[in-house]
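Comments concern the structure below.
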Amino acid sequence: FEYITRNGNREKYYQCCFVPQRMSSGKSDGFFAMAYDITARRLSEMRQAESEERLRTITDNIPVLIAQLDQEQRYSFANEIHSSWLGKKPQEILGLTMEEAFGNQYYLQQKETIEQAWMGCASQCEHEIVRGKHTRIVHSIFLPQKRNGSVVGVYVLTTDATTSRMHERSLHAMAHTDSLTSLPNRRHFENALSAVAERASEPESYAALLYLDVDYFKQINDRYGHAVGDAVLVEFASRLKAAVRGSDLVARLAGDEFTVLLHDVRGLFDVELVAEKILASVREPFIVEGKVLNVTTTLGAALSDCAVADSRTLIEAADAALYRAKKAGRNTYSTSSLIGASVGARFKKA
């Protein structure tokens, strides 16, 4: 048994052993007592226990997933945060692989990065933790545990990056969205157009760029005021979006200038159908603040294939088509074709 003595504020620990002394009859007539001073060992054990308790308290309460994988890639340690983030208590996952504990989809998001850690390289990745209807965006760091030059385990540290990533996305959206109409803005449009110009199109599948503005918009502002003018732009943007497919991009460049980027167009006929649909949609009376306004638009369109790799060429062709349509009297459209590097133009009077 252990025995503790106290001398002032100091405690000493002894491991005691009593051994009976027996007579020839087997009856005990006394005993031998031996005591070993184990104070140093006991204090060391107590310090280690305190350290482990402190470490467990910290790891279980900081908002980070902390885990250790052993040589067989099975969990040898997991903190309590696994319960709230992943729905499983640490004792439920010890001895399991990541795939066994949390499923194939969770593991595959991190597989490549984990493999780098097993090769001895610290690695990191971002992935998602989906639990019910809640999705958490997390950042995981994998640190190899080395012994004598060999990797014997991997430490996993996962932090919640949801707030920062959502903030970044919000800032990105603000930087790429028109505040009045909620349409993509010029920056977004230019990025999208560059991507279209850089990618190789499928055979007989083209892209088309439409430039358009509100006819005599300055007169609307001057007569009814900027509040009515803004309401007209918002309604105009809504009608543009309704007139094209969800995969097409409608953007506001500035003022009453808008663009439409059509994907997977089969020819000028498709472009003309969209142009006529937009014109017809805009011609329907605008009812703004109790006023009925007759609004029209003028549109220039350019059709391109992968032979036209320069987005500037497409922009200039659409702008030239818009100029021709305005010169023809507005409330109409004009089209240009750049397919096969041959340029043609035509317009239709409404």
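The values are calculated or read from the model by the stated rules, or taken from the named source; none is laboratory data. Quick caveat, the model's predicted, so the values are computed rather than measured. As a convention, Cβ positions derive from the backbone with ideal geometry for all residues, glycine included, and neighbour counts pool all protein chains shown. To get the accessible areas, we keep the full protein, side chains included, count just its heavy atoms, and leave off ligands, DNA and RNA. Shrake-Rupley method; radii C 1.70, N 1.55, O 1.52, S 1.80 Å.
Name the residue that is modelled with the lowest pLDDT, counting only residues in region 292-310 that are open to solvent by 30 Å² or more (accessible area, probe 1.4 Å) and touching a helix residue (DSSP H, G or I) at 6+ places or on another chain (Cβ under 7 Å).
So, considering only residues that are open to solvent by 30 Å² or more (accessible area, probe 1.4 Å) and touching a helix residue (DSSP H, G or I) at 6+ places or on another chain (Cβ under 7 Å), the one modelled with the lowest pLDDT is Ala307.
Check Glu257, Glu284, Glu289, Glu272 and return the single one that is under 26 Å from Arg312 (Cα atoms) and either open to solvent by 80 Å² or more (accessible area, probe 1.4 Å) or within 29 Å of the chain's Cα centre (by Cα) (or both).
Being under 26 Å from Arg312 (Cα atoms) and either open to solvent by 80 Å² or more (accessible area, probe 1.4 Å) or within 29 Å of the chain's Cα centre (by Cα) (or both) holds for just one of Glu257, Glu284, Glu289, Glu272, which is Glu257.
Listed here are the residues, each with its yes/no results for (1) surrounded by 22 or more Cβ atoms within 10 Å (Cβ to Cβ); (2) at pLDDT 95 or above.
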| site | (1), (2) |
| --- | --- |
| Arg199 | no, no |
| Glu204 | no, no |
| Leu209 | yes, no |
| Asp222 | no, no |
| Ala227 | no, no |
| Phe236 | yes, yes |
| Ser247 | no, no |
| Leu268 | no, no |
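Tell me which helices (runs of 4 or more DSSP H) are completely within region 184-295 and hold 2 or more residues being of a type in the set (Gly, Ala, Ser), or say none if there are none.
By residue number, 186-198, 226-243, 268-283.
For region 309-335, which residues satisfy the criterion of being more than 38 Å from the chain's Cα centre (by Cα), assigned to a helix (DSSP H, G or I) and not aliphatic (A, V, I, L, M)?
The answer is Tyr323, Arg324, Lys326, Lys327.
In region 157-183, which residues are within 29 Å of His134 (Cβ to Cβ) and either touching a residue at least 60 places away in the same chain (Cβ under 8 Å) or surrounded by 12 or more Cβ atoms within 10 Å (Cβ to Cβ) (or both)?
Here is the first cut: in region 157-183, the residues within 29 Å of His134 (Cβ to Cβ) are 157-177, 182.
Hits for region 157-183 are Leu157, Thr158, Thr159, Asp160, Ala161, Thr162, Ser164, Arg165, Ala173, His176, Thr177, Ser182.
Being under 17 Å from Val64 (Cβ atoms), within 17 Å of the chain's Cα centre (by Cα) and either among the hydrophobic types (A, V, I, L, M, F, W, C) or open to solvent by 60 Å² or more (accessible area, probe 1.4 Å) (or both): is that true of Ile141 here?
no
Of all residues being closer than 18 Å to Glu112 by Cα and among the hydrophobic types (A, V, I, L, M, F, W, C) in region 153-175, which is nearest to the chain's Cα centre (by Cα)? Just the residue, please.
Looking at the filtered set, the residue picked out is Leu157.
Quick one: in region 96-138, of everything that is open to solvent by less than 80 Å² (accessible area, probe 1.4 Å), in a strand (DSSP E or B) and touching a residue at least 40 places away in the same chain (Cβ under 8 Å), which residue is farthest from Ala67 (Cα to Cα)?
The selected residue is Arg136.
Tell me yes or no: at least one residue of region 317-335 is farther than 16 Å from Asp215 by Cβ, surrounded by fewer than 16 Cβ atoms within 10 Å (Cβ to Cβ) and free of Cβ contacts under 8 Å to residues at least 40 places away in the same chain.
Within region 317-335, none of the residues are farther than 16 Å from Asp215 by Cβ, surrounded by fewer than 16 Cβ atoms within 10 Å (Cβ to Cβ) and free of Cβ contacts under 8 Å to residues at least 40 places away in the same chain.
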